[in-house]
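Every number here is computed from the coordinates shown, using simple stated rules; none is lab data. A quick note: this is a predicted structure, and the numbers were derived from the prediction, not measured.
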Amino acid sequence: MSVTVAEVSAVIEQLWPARGAEDWDAPGLAVGDPSAPVESILLAVDAVADTVEEAVASGADLLIVHHPLLLRGVTSVAEDRYKGALIARLIRSNCALLAAHTNADVVETGTSAVLAERLGLQAMRPIVVGAPESRGLGRVGTLGSPITLGRLARILAEILPPTASGVRVAGDYEREISTVALCAGAGDSLLSDPAVSAADVYITSDLRHHPASEAREAARLGGAPALIDISHWASEWLWLETAAEQLRAMLPGVTVTVSDARTDPWDFVIVQ
């Protein structure tokens with residue numbers, strides 16, 4: 001039994017309400033006819049050539065991604081530009097495209113919550129509290145028992161899908177870690193938050209040189225957490241199966257599949 005794109009959108013609004021998105025974000029339907037039937041859905045982090053081709057080849061009627069393809073304004077969707085080419089491919093293949101981004105980050109089962117759960121964090125709460133208070137950006141919690149920073153990094157390497165950049169750490173390998181703050185995806189904007197400052201370690205992605213350097217220097221004085229930088233794609237890919245399970249429960253009869261395509265942008269690294 002099929003449902004329509006509009007009906008899937010309504011389910012997504014129940015799971016990940018658009019009102020939870022950041023002001024700059026662009027979640028929702030980007031490509032497709034709301035009245036079109038949906039029998040098969042593919043979930044991915046990014047709408048790129050590999051995931052679009054996977055959706056088309058598998059016969060998916062809807063590609064749901066975490067990162068909006070049209071997050072920033074475009075002036076052309078000509079097919080000699082990659083976004084235009086992707087949109088044209090989707091339209092010609094009758095495959096709709098929908099994004100659930102920061103609205104899916106902040107919910108109780110969102111990207112950061114899934115990562116925190118995989119680490120076994122207890123007494124979890126958002127770093128930036130939303131409404132209701134159980135929702136918000138990032139998560140902070142405590143480990144069941146203290147472990148070293150090095151051991152925590154190795155656990156992350158086991159949990160996350162492999163990428164060229166791996167797991168990068170700033171801090172003493174033997175530092176004892178009890179309280180963990182984390183934000184799946186790019187989270188250096190939260191470095192100065194009191195909940196992050198009070199943690200033993202902060203796990204996030206896309207840490208830039210200057211914020212990381214300043215946090216590292218502050219840590220030498222005992223005023224900042226150790227840092228673990230993980231792949232942006234990998235940190236959010238973990239959430240896809242949770243999202244798929246929720247969609248399967250609310251859309252019986254619709255096939256929901258998670259893409260294994262690695263859309264992390266880096267292919268290899270040279271260790272000096």
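Key figures
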{"read-out": "Inverse mean reciprocal Cα-Cα distance (Kirkwood Rh) of the range 106-229, Å", "value": "14.2 Å"}
{"read-out": "Relative contact order [Cα under 8 Å, 6+ residues apart], the range 106-229, whole percent", "value": "22 percent"}
{"read-out": "Sequence-distant residues sharing a close amide H with residue 224 (under 5 Å, placed H)", "value": "219"}
{"read-out": "Semi-axis lengths, Å, the range 179-272, gyration tensor of Cα atoms, sqrt of 5 times eigenvalues", "value": "33, 18, 8"}
{"read-out": "The chain, relative contact order [Cα under 8 Å, separation at least 6], %", "value": "20 percent"}
